[in-house]
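Structure first, commentary second.
The values are calculated or read from the model by the stated rules, or taken from the named source; none is laboratory data. It should be emphasised that the depicted structure is a prediction, and the values quoted were computed from it without experimental measurement. Note that we place each Cβ from the backbone using ideal geometry, even for glycine, and neighbour counts take in every protein chain shown. With ligands, DNA and RNA removed, areas are computed over all heavy atoms of the protein, side chains included. Shrake-Rupley method; radii C 1.70, N 1.55, O 1.52, S 1.80 Å.
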Amino acid sequence: MKGLRWRYTRLPSQVEDALSGEEGEEKEEETAPAPARAPEDPVEPQLAEASQVLGASEMRQISLHLPPRVAGHSWSLAFCTSRDGFSLRSLYRQMEGHSGPVLLVLRDQDGQMFGAFSSSAIRLSKGFYGTGETFLFSFSPQLKVFKWTGNNSFFLKGDLDSLMMGCGSGHFGLWLDGDLYHGGSHPCATFNNEVLARQEQFCIKELEAWVLS
């Protein structure tokens, strides 16, 4: 049983380790963020099964900010903690064989809903990868979307101990630990985002990864 009290401490070398190896990672073409579709042109997401994190209304709102190239694609639930367990390694395994975009959605112990859209599948990597289509979002309670600023290309990096999205000034826009239980969110240069959760450190109650293909 997990303890009720915990403290997240950023190791001095955590950001440096995340940034190291960036030159060795094969770079993907960076694309400018696509403009959001007008509210009068909603796209109803085609879900293979119901989400335990977001309702139909939230899904529709997020769909308005997805790149036009994925409009109308079916959403397949590749991973969820209620089915596959709280394990980052399990998330990587479930992502194997998928190359399409991924929508990562979370609900923390405070009931806050937030997440990220990745233009590429979530995988282990030596450095950061992804494109300018990547973004972070939160419902607080209205939807807020934080698109790529163009300031850096630290979109997504995955190792065995953590998953990181966005970086700048020594902090990550979204950070998840290897147990998919503890996480953190800070403003970062990649997305110029606000703290996605109610607090900078949070505990995950439910996490889902949807493949859009």
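Just a few scattered comments:
- Peptides 49-61, 173-185 ranked from most to least packed, by the mean per-residue count of other Cβ atoms within 10 Å: 173-185, 49-61.
- In plain terms, the chain from N152 to R60 could stretch by 30.2 nm, reckoned as 0.36 nm per residue minus the Cα-Cα distance.
- Spatial offset of the range 160-213 relative to the range 113-155 amounts to 9 Å, using the alpha carbon center of each.
- Sites C203 and A48 - FRET efficiency at Förster radius 30 Å, r taken between beta-carbons, to 0.05: 0.60
- Shown in residue order for the range 177-187 are the 3J(HN,Hα) couplings computed by the Karplus curve 6.51 cos²θ - 1.76 cosθ + 1.60 at θ = phi - 60°: 8, x, 8, 6, 10, 9, x, x, 8, 9, x Hz (x for Gly and Pro).
- For the range 45-198, the solvent-accessible area works out to 37 Å² per residue, with a probe of 1.4 Å and every protein chain left in place.
- Residue-normalised convex hull volume from the C-alpha trace of the range 54-95: 99 Å³ per residue.
- Neighbours of S140 by Cβ distance under 10 Å: Lys/Arg scored +1, Asp/Glu scored -1, total +1.
- For the range 146-213, the share of accessible area belonging to carbon and sulfur comes to 42 percent (1.4 Å probe, ligands and nucleic acids excluded).
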